[in-house]
Amino acid sequence: MDRVGVARLQVASLATLALAWEAASRLRLVDPLFVPPPTAVVASMGTVIQQALPRLGDTLLKTAVGYAIAVGLGVGLGVLIGSVQTLRQVTMPYVVALYSLPKILVIPWIVLILGVRAPAAILGGVLFAFFPVLVLVVGGVRDVEPVLVTIAASMGASRWQLYQKVVIPAALPAILAGMRIGLVFALVGVLLTEMFAGIRGMGFLMQQLALSFNAAQLFAATALVSVFSIVAVLSLDALNQHLGKWR
Amino acid sequence: MRLIFLRGALLALVVAIWELIARPLDPVLYVAPSTLPQAALRLLNQPDIPPLLEHLGATVRAILAAYALAVTAGLALGFLMGFWRVVARAYEPILAALYAVPSVVWYPSMMLLFGLGTASKVAFGFLLGFFPIVLAVLAGIKQADPHLLTVATSMGASRWAIYWKVLIPGMAGTLAGGLRSGLALSVVGVLAGELLGSRAGIGYMINHVYNLLRTPEYVALAVLMATLVLAVDSAAGRLEARVKRWTG
């Protein structure tokens, strides 16, 4: 089946799902208090946006700061650890272990130290985004073709030139992959900290909507964050492809 | 040998530095490692602390239920979609896009639909664990060698035989990777749900001692949980490596 056919199937399936949901809710097969019909969710979008856009702005600002810190640290340390063999062999088991630990266990401590304020949520975002970026960048730098480095060095490249002209460009796909995955993780970290501690932002707002049984607005808010994050990730993907062509 | 020594030295150094930093500071905010064994003991024998083993059991049961659901639904839906190439091509991008959504946004809805009890934690752990598994099945089916499939079909293999003899061995490595990430994410989902509000489980205990500002007990619980997660994850990692060696 061709592209158009696949797109048609996608639209048809989503439409069927929405219709079935609408019907189930209207015919009271499910309790509309908990599962309001999609039309009610769409209708409440207007109210939610008024309330949620400033909160979404709070959350995104925190995410941007946390993300920038995590990417800076992750790429910097990743290039360092990736290019020094002994350092890599000594630290990587710990890095991988920390990478696979549920970071949420640390969030209560962060809130205790930094208080119920934006910096705690930012640090939560850093904590979630840093390790995936680091692990991917270390892998990318480690796998840079050694021949490239040898040739450049034998041609008299300085250490700085070596990194700027050879190592970083060669590791760029891994760095970009890290930046893509880091973005989603930074959002998770910020939202989770907001939910846990009740810090002003989208996470806390959604938690409040859930606790006040405001299902229609909650689903609308969920859709808002989801759409935003999907758009952000897809545009990073497009950027990657663009850079890939340029390389 | 030297490497193991260096690794051990690094860990010891970090712990020692932390001990030196934490000692003179407020023990409610900064927990020195040397106070942890005592805190762990207090977790076991103080009457005002909820029983550890009972709550650990609740968490483990919730994780097992969430993971069992995620594996069942992930494999079933993955293979069902894989049967029809068109369906897989249509639904995979939708699933991949949903996977790009920061997973916590689903939790408030789970809380609304399933309440504050165990059900919402299981639902959240299931949701997180489901995605990597179904995506691994789809990726595995896609990477199957079309040449082998053609040969098998032309030799009259049934659809069933193609699945068992060609597809599954070819995709076992990818599948094992997906099952491992699914387990890790089911664990995260249950723990996150418990920490965001619950009446049972390790997350509940952490919140309980945390709200009493008994930070050493909180840290001891977090270290216990981290150790368990690492043990399970490294066991799963070894299993995954073995499957990959098997199938090449």
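Among the residues of region A:1-22 satisfying the criterion of being open to solvent by less than 40 Å² (accessible area, probe 1.4 Å) and without any contact (Cβ under 8 Å) to a residue 12 or more places away in the chain, which is nearest to A:Ala223 (Cα to Cα)?
Filtering region A:1-22 for residues that are open to solvent by less than 40 Å² (accessible area, probe 1.4 Å) and without any contact (Cβ under 8 Å) to a residue 12 or more places away in the chain, the one nearest to A:Ala223 (Cα to Cα) comes out as A:Ser13.
Take A:Leu33 and tell me if it is farther than 30 Å from B:Phe114 by Cα, within 12 Å of chain B (Cβ to nearest Cβ), of a type in the set (A, V, I, L, M, F, W, C) and open to solvent by 60 Å² or more (accessible area, probe 1.4 Å).
Criteria not met by A:Leu33.
Among the residues of region B:140-194 satisfying the criterion of being among the aromatic types (Phe, Trp, Tyr) and without any contact (Cβ under 8 Å) to a residue 12 or more places away in the chain, which is farthest from B:Leu128 (Cα to Cα)?
Here the residue is B:Trp160.
Could you pull out every one of the helices (runs of 4 or more DSSP H) wholly within region A:148-247 that has 3 or more residues that are modelled with pLDDT under 90 and either at the interface with chain B (Cβ under 9 Å from one of its Cβ atoms) or under 20 Å from A:Phe130 (Cβ atoms) (or both)?
In region A:148-247, A:168-197, A:215-246 are the helices (runs of 4 or more DSSP H) which contain 3 or more residues that are modelled with pLDDT under 90 and either at the interface with chain B (Cβ under 9 Å from one of its Cβ atoms) or under 20 Å from A:Phe130 (Cβ atoms) (or both).
Condition check ((1) among the hydrophobic types (A, V, I, L, M, F, W, C); (2) surrounded by 15 or more Cβ atoms within 10 Å (Cβ to Cβ); (3) within 30 Å of B:Gly8 (Cα to Cα); (4) in the same structural domain as A:Gly203 (by TED's automatic domain parsing)) across all residues:
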{"position": "A:Gly78", "(1), (2), (3), (4)": "no, yes, yes, yes"}
{"position": "A:Ile81", "(1), (2), (3), (4)": "yes, yes, yes, yes"}
{"position": "A:Gln89", "(1), (2), (3), (4)": "no, no, yes, yes"}
{"position": "A:Leu101", "(1), (2), (3), (4)": "yes, yes, yes, yes"}
{"position": "A:Leu148", "(1), (2), (3), (4)": "yes, yes, no, yes"}
{"position": "A:Ile168", "(1), (2), (3), (4)": "yes, yes, no, yes"}
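Which of the numbered conditions does B:Gly129 fail, given that it passes all the others? Conditions: (1) within 14 Å of chain A (Cβ to nearest Cβ); (2) more than 30 Å from B:Tyr163 (Cα to Cα); (3) open to solvent by less than 20 Å² (accessible area, probe 1.4 Å); (4) not acidic (Asp, Glu).
Unmet condition: (2).
Look through region A:56-76, keep the residues that are surrounded by fewer than 19 Cβ atoms within 10 Å (Cβ to Cβ) and small (Gly, Ala, Ser), and return whichever of them is farthest from the other protein chains (Cβ to nearest Cβ).
Among them, the one singled out is A:Gly72.
Only one of these conditions is not met by B:Thr118: (1) open to solvent by less than 40 Å² (accessible area, probe 1.4 Å); (2) touching a residue at least 60 places away in the same chain (Cβ under 8 Å). Which number is it?
Unmet for B:Thr118, out of (1) open to solvent by less than 40 Å² (accessible area, probe 1.4 Å); (2) touching a residue at least 60 places away in the same chain (Cβ under 8 Å): (1).
Go through region A:190-247 and give me each residue that's under 15 Å from A:Arg55 (Cβ atoms) and β-branched (Val, Ile, Thr).
A:Val190, A:Thr193, A:Ile199, A:Thr222, A:Val225, listed by residue number.
Would you mind finding the one in B:Leu13, B:Leu69 that is under 21 Å from the mean Cα position of the chain (by Cα) and either in the same structural domain as B:Gly117 (by TED's automatic domain parsing) or loosely packed, with under 11 Cβ neighbours inside 10 Å (or both)?
B:Leu69
The values are calculated or read from the model by the stated rules, or taken from the named source; none is laboratory data. Note that this is a predicted model, so its numbers are computed, not measured. No Cβ is skipped: glycine too gets one built from the backbone with ideal geometry, and neighbour counts run over all protein chains shown. Accessible surface is based on the protein model in full, side chains and every heavy atom, while ligands, DNA and RNA are left aside. Shrake-Rupley method; radii C 1.70, N 1.55, O 1.52, S 1.80 Å.
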